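The values are calculated or read from the model by the stated rules, or taken from the named source; none is laboratory data. Just so we're clear, the structure is a prediction, and the values are computed from it rather than from any experiment. Neighbour counts run over all protein chains shown; Cβ positions are idealised from the backbone, glycine included.
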Amino acid sequence: MCNEKELTDIRSLNLTELTDYVTTELGEPKFRAKQLYEWMHQHLAQDYDEMKNIPKSLKEKLAANCNYHPLKKIDMQVSKIDGTRKYLFELYDGQMVESVWMSYKHGNSVCISSQVGCKMGCRFCASTLDGWVRNLTPSEMLGQIYAIQKDTGERVSNLVVMGTGEPMDNYDNIVKFVRLLSDENGLNISQRNITVSTCGIVPRIKQLAEEDLTITLAISLHAPNQQKRAELMPVANKYEIHELIDACEYYFKKTGRRITFEYSLVGGVNDRDEDAAELGQLIGHLNCHVNLIPVNPIKERDFVSPSMDRAYAFQKKIEKYVNNATIRREMGRDIDGACGQLRKRHSDALKGNN
């Protein structure tokens, strides 16, 4: 049997690539590629046996030459407050990733991971505590959405890439994933309903601006100045805050898409009125939305969430500078809601058993 890495990752191929592979490598007629693509990306088939109009001979070729591993659900937590579901999936190599399903009046939203672990080292984030392991493939990112849609029986209409990992550190796979997800022959989720987050890898933001995509770019800003940002986010030591803002200006100029700034409110660290005023002066000239997020405490750090009165006061102050500022509605507060917490709990339990 072939080594896993020698197999073709068939769900990561776009229709053009799949057509070339099916005809050239497998010696099959062209129309089989469209059938396979629809089974994988519309019908969300879990294995080749579900593909009813695919002949046995082709299924055997696919099994011998292709990697087709739908994700395995190993844990799920359901919020008693709002029905939010937090999933822990196992990948083909035993690694684990988290995803979250949230139901809103306007539709169902899923938050997915883009890497196993994270190397960015943001001090308030649980995802980075055990370091980075590897990038996720386009098929593994799609697989999170497909597994959740199959599990809930409800269509996913909005997607945010804000789970474990730094998407711009997995750039090529992220761009391909977005194109596959929005393909009319697949789930056909509008790119305008897809948000990709980044901690601020400046060259990749500028590169993304050239991709002719209509996604929303969310910047994990979390501080109003260079000094505070560098204390919270090591990436700021490589790309300073004004470089980041310049890249945001470039992105808006090229795409016309409003920027979202994510700002985690950490009690006593970055939540003062003076911080709000400084933040407003930094980004007030941009067409942007500010999403304020009271930090979700993790046991490994001593950060605390501010009171809601303090959060509302910060919001009121920043609204003097920007057109739109909201406090994120907390979903799944009664479960392992913070990014990386559920995976870490399972990883720690496994280590304890060894």
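For the stretch 87-137, the candidate set comprises residues that are within 19 Å of residue 194 (Cα to Cα) and small (Gly, Ala, Ser); within that set, the residue that is surrounded by the fewest Cβ atoms within 10 Å (Cβ to Cβ) is 107.
Picking from residues in the stretch 167-209 that are assigned to a loop (DSSP other than H, G, I, E, B) and among the hydrophobic types (A, V, I, L, M, F, W, C), the one that is farthest from residue 19 (Cα to Cα) is 199. Of all residues in the stretch 4-46, those satisfying the criterion of being acidic (Asp, Glu) and at pLDDT below 95 are 4, 6. For the stretch 63-75, filtering for residues that are farther than 20 Å from residue 170 by Cβ and either buried (at least 22 other Cβ atoms within 10 Å of the Cβ) or touching a residue at least 60 places away in the same chain (Cβ under 8 Å) (or both) leaves 6.
Scanning the stretch 210-242 for residues that are over 23 Å from the mean Cα position of the chain (by Cα) and either not in a helix (DSSP H, G or I) or not assigned by TED's automatic domain parsing to the domain that holds residue 282 (or both) gives 224, 225, 240. Condition first: touching a residue at least 12 places away in the same chain (Cβ under 8 Å), more than 19 Å from residue 261 (Cα to Cα) and not small (Gly, Ala, Ser). Now tell me which residues in the stretch 176-206 satisfy that. Correct list: 176, 177, 178, 179, 180, 181, 183, 185, 187, 189.
Any residue that is basic (Lys, Arg) and touching a strand residue (DSSP E or B) at 6+ places or on another chain (Cβ under 7 Å) - is there at least one of those in the stretch 102-121? Checking the stretch 102-121: at least one residue is basic (Lys, Arg) and touching a strand residue (DSSP E or B) at 6+ places or on another chain (Cβ under 7 Å).
Condition (residue is β-branched (Val, Ile, Thr), under 14 Å from the mean Cα position of the chain (by Cα), outside any helix (DSSP H, G or I) and in the same structural domain as residue 236 (by TED's automatic domain parsing)) applied to the stretch 126-143: is it met by at least one residue? Within the stretch 126-143, one or more residues are β-branched (Val, Ile, Thr), under 14 Å from the mean Cα position of the chain (by Cα), outside any helix (DSSP H, G or I) and in the same structural domain as residue 236 (by TED's automatic domain parsing).
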